[in-house]
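A short reminder: the numbers here are calculations on the coordinates, not readings from a lab. Predicted model, so just to flag it, every value in this text is computed and none were measured. Neighbour counts are summed over all protein chains in view; Cβ atoms, including those assigned to glycine, are modelled from backbone coordinates with ideal geometry.
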Amino acid sequence: MKLKSALFASVLALPVPAMAQDKGTIEVLHHWVSESEVAALNVVREKLAAEGFGWEDSAVGGMSGANATQALRTRLASGNPPGAMQFLGYEGQNWFAEGVVRDFADVATAEGWFDAIAPQVRDFVTKDGAFFAMPINMHRQNWVWANKKVFDEHGLTVPGTWDELIAMGPVLKEAGIVPLATGDEAWQIQLIFDALVADLHGPDFYRRSVVELDPEALSGPEMIDVFDTLRQVRGLVDDGFVGRDWAVATGMVASGEAAMQVHGDWAKGEFLAQGLTEGEDFLCFATPSETPSFLFLIDSFGAFKTSDAATTAAQDALAMATMDPQVQREFNMIKGSIPARSDVSVDGFDACAIKGFEDRAAAVESGAMLGALTHGFASQPQFAGVFGDVVGQFFVTDMTSQQAVEMLASGIANAM
């Protein structure tokens, strides 16, 4: 899968910059390397090319963007920043506070960008009237992706609770099917943890524990229950999960080797890239809960300050392309996500995306639209890192739930 994606990326990377570089070229540092991610990004590249701007691709994959962020830090330390960078979570805010990224408030005001995005999104791309990053999409993290043929052949239906989901395990194992596909990277496991925190005890507990970092919530019985359930989920995962890339896990579901994957909707892009159809080949449903929530993350592009006029012009073009409603429509239809702009019509999107549109609107109304902890939208990096460390260790060792909450509470306190 990785080799296939790399080859696909190299093919797409060749023609677009060569189309037109008369007005300037922009180097973009990002972490999109899977087949569907590269195809989606090509929508932006083609828009820039049509405007006469070139694109220099700097893709650094792995660790859900952490490797790309480290590469950025190295580049900034050496005084050689890229023209633009893909931001996740509080990264944009933090770099803006450092004074190294541009403010696009003037064009954002003129183009109505402030009003085009949900209030929860604004917190990660605006600050005190500044508009420092252009959001292109919104992913929902708490999805389950399932192989429809496997479900049908074994009489499985969409679970209403995590207990029901976990109870599918013995049936699937007896049939030689992996109940739940994942890798051992902490961020992949933390996707499941985030969902359990919100699903088992509701949005208010999620806010108290992972956003407000309330010590009682971090170490209380509800959090112990979360880890107890996560231990049961571990029983659904095969022993071959060590070193497994997320897209490989998605491929296991696509082929029927595995029944399900708890993952963000970028997984859908991989199904679509294989020519599979929702409702016929695969199923999508929110992680089960009596108090549904929408755990969101966005990808955005920020532009670094430069004295080069051509690069500045290319940055302006990238900002306009990223926020273009038609670009967001085409990009997200490939990527699996929904547009960051809330004024883009649902027309033409598939059933999973339409459910995403509907659930986002409902979550905004009910107060259940929550930033995804795994990708840095609930807590600052120093705290999110503690959660990742504890959850990752818990999943691959025999650590008890009590030990986990103690380690979690202690780690958060030390990071304060």
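Quick notes on this one:
- Eligible lysines near K268 by straight Cα distance, threshold 23 Å, same-chain separation 8 or greater: K2, K4, K148, K149, K335, K355
- Centre-to-centre separation between the Cα atoms of the stretch 113-179 and those of the stretch 202-250: 14 Å.
- Fraction of antiparallel bridges per DSSP, the chain only, in percent to nearest 5: 65
- The phi torsions of the stretch 95-111, fed into the Karplus equation with coefficients 6.51, -1.76 and 1.60 and a -60° offset, translate into couplings of 6, 5, 4, 6, x, 10, 10, 7, 9, 10, 4, 4, 6, 4, 5, 5, 8 Hz, rounded to whole numbers, with Gly and Pro shown as x.
- The 3J(HN,Hα) values that the Karplus relation (6.51, -1.76, 1.60; θ = phi - 60°) gives for the stretch 381-388 are, in residue order, x, 5, 8, 4, x, 5, 4, x Hz. Gly and Pro appear as x.
- Label-to-label distance for D343 and R73 is 3.8 nm, based on points extended 7 Å past Cα in the beta-carbon direction.
- Summarising the label geometry, the points placed 7 Å from Cα in the beta-carbon direction at V396 and A50 lie 4.4 nm from one another.
- Nearest-0.05 FRET efficiency for D115 and I224, computed from C-beta distance (R0 41 Å): 0.45
- Here's the picture: a label point sits 7 Å out from the Cα of D123 along the beta-carbon direction, and within the stretch 267-306 the residues with their amide nitrogen under 16 Å of it are 293-299.
- From the coordinates shown, Rg and Dmax of the Cα atoms in Å corresponds to which of [x] 20.9, 64; [y] 23.4, 81; [z] 22.3, 73: [x]
- Theoretical gain in end-to-end length, Q380 to H154 [0.36 nm per residue, Cα-Cα removed]: 77.1 nm
- Peptide ranges 295-301, 91-97, 410-416 listed from the most packed, as the mean C-beta count within 10 angstrom indicates: 295-301, 91-97, 410-416
- Relative contact order, whole percent, for the chain stands at 26, derived from Cα pairs under 8 Å and 6 or more residues apart.
- FRET efficiency estimate (nearest 0.05) - Cβ-Cβ, S410 to T306, R0 51 angstrom: 0.75
- As a proxy for reagent exposure, ranking R73, R208 by other Cβ atoms within 10 Å from fewest up yields R73, R208.
- Label point distance in nm, K23-V107, each placed 7 Å from Cα along Cα→Cβ: 0.9
- Residue order for T397, T312, fewest other beta carbons within 10 angstrom first, comes to T397, T312.
- Full extension of the chain segment joining V171 with S58 gains 36.2 nm, where the gain is 0.36 nm per residue of separation less the Cα-Cα distance.
- Around the amide H of W32, modelled in the peptide plane, lie the amide H atoms of V60, all under 5 Å away and 5 or more residues distant in sequence or on another chain.
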